[in-house]
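Take a look at the structure set out below.
Derivation of every value follows stated rules applied to the coordinates shown; laboratory data play no part. Quick caveat: nothing in here was measured; it's all calculated off a predicted structure. Methodologically, a virtual Cβ is constructed for each residue, glycine included, from the backbone with ideal geometry; neighbour enumeration extends over all protein chains shown.
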Amino acid sequence: MTTKQRKTSVRATAELKQDRAVRTRAQTLHVAAQLFAQQGFRATSMQHIADRLGMTKGAVYFHFPTKETLAVAIVEEHYGRWPKVVKEVQAEGLSPMESAEEILNRAAVAFRDDPVMQAGARLQLERPHIDAELPTPYVDWTQLLQSLLVTAKYSGELREGVDPEAAARTLVSSFFGVQHISDVLSHRKDIAERWEETRKLLFYSLRA
Ligand SMILES: CCC[C@@H]1OCC(CO)=C1C(=O)O
């Protein structure tokens, strides 16, 4: 094997290892989210997570040194994906107001189906029992919706006299309440229907 071939082979092996590490980290985060969502932070151990993954506890610790860092990573993912969804929605040609409505519709489905969203919400409720700096709840969503509603105001979509910041806080409070009640009463099975009836009223009051 020539030196060039050997270097290529070493680089390819390193890239394969990197890809595998990225996949394993993502799988660990997903399984931990399932367990945190189902049974909460305190009742879930790193051994439980390792067992469900079919990995050693050491392999889990390789990616996340503590259970707290796992919780932080899940809550960060719980928020981190949504700005990208806004861009996707806007790329579909939706207006700012339509984008705000569509992203919350997608959030309702995600809270119903996605363990990361379910775990993020539960971890935020359990934050007093988690010895870690979790992201402050609600502020990211409020900021995201406020920026859309400010744009909606200047594009003439927002009802005269409606304050974008107050409207954003109202949307966040309403969505939080809808998803929480749906979780308690139906494990979020009916969240899409419950959110639809709420959003119809809210967006009727917000549109110009
Ligand atoms: C999108 C509305 C707010 C959202 O709903 C559940 C939850 C969990 O804390 C949220 C947050 O922290 O922003």
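What's the ranking of 126-133, 74-81, 36-43, 196-203 by average number of surrounding C-beta atoms within 10 Å, highest first?
Order by mean packing, descending: 74-81, 36-43, 196-203, 126-133.
For the chain, how many pairs of lysine residues have a Cα-Cα distance under 21 Å, where the two are 8 or more positions apart or belong to different chains?
7
Report, in degrees rounded to the nearest 10, the 0 to 90 angle that the Cα long axis of helix 67-80 makes with the longest principal axis of the chain.
40 degrees
On a full-extension model of 0.36 nm per residue, what is the gain between Glu15 and Ala192, subtracting their alpha-carbon distance, rounded to one decimal in nm?
So the extension gain works out to 59.6 nm.
Given points 7 Å out from each Cα along the Cα-Cβ axis, report the Arg25 to Arg106 separation in nanometres with one decimal.
The modelled label-to-label distance comes out at 2.3 nm.
How far is it, in nm, from the label point at Ser45 to the one at His129 when both lie 7 Å from their Cα along the line to the Cβ?
Between Ser45 and His129, the label points sit 1.6 nm apart.
With only Lys, Arg, Asp and Glu charged, each at its Cβ (+1 for the first two, -1 for the last two), find how big the charge dipole of the range 79-208 is about the Cα centre; round to the nearest 20 debye.
Its charge dipole is roughly 60 debye.
Just to confirm my numbers, what's the Cα centroid distance between the range 157-177 and the range 4-64 in Å?
40 Å
Based on C-alpha coordinates, I'd like the Rg and Dmax of the chain, in Å.
Cα radius of gyration and Dmax of the chain are 20.8, 74 Å respectively.
State to the nearest 20 debye the size of the charge dipole of the range 1-81 about its Cα centre, where the only charges are +1 on K and R beta carbons and -1 on D and E beta carbons.
Dipole about the Cα centre, nearest 20: 480 debye.
Please give the net charge around Leu171, taking every other residue with its beta carbon less than 10 angstrom from that of Leu171, where Lys and Arg add +1 and Asp and Glu add -1.
+1
What FRET efficiency would be calculated for the residue pair Leu201, Gln38, taking the C-beta separation as r and a Förster radius of 30 Å, to the nearest 0.05?
0.40
Counting Lys and Arg as +1 and Asp and Glu as -1, each charge on the Cβ, what is the dipole of the range 47-130 about the Cα centre in debye, to the nearest 20?
The calculated dipole for the range 47-130 is roughly 360 debye.
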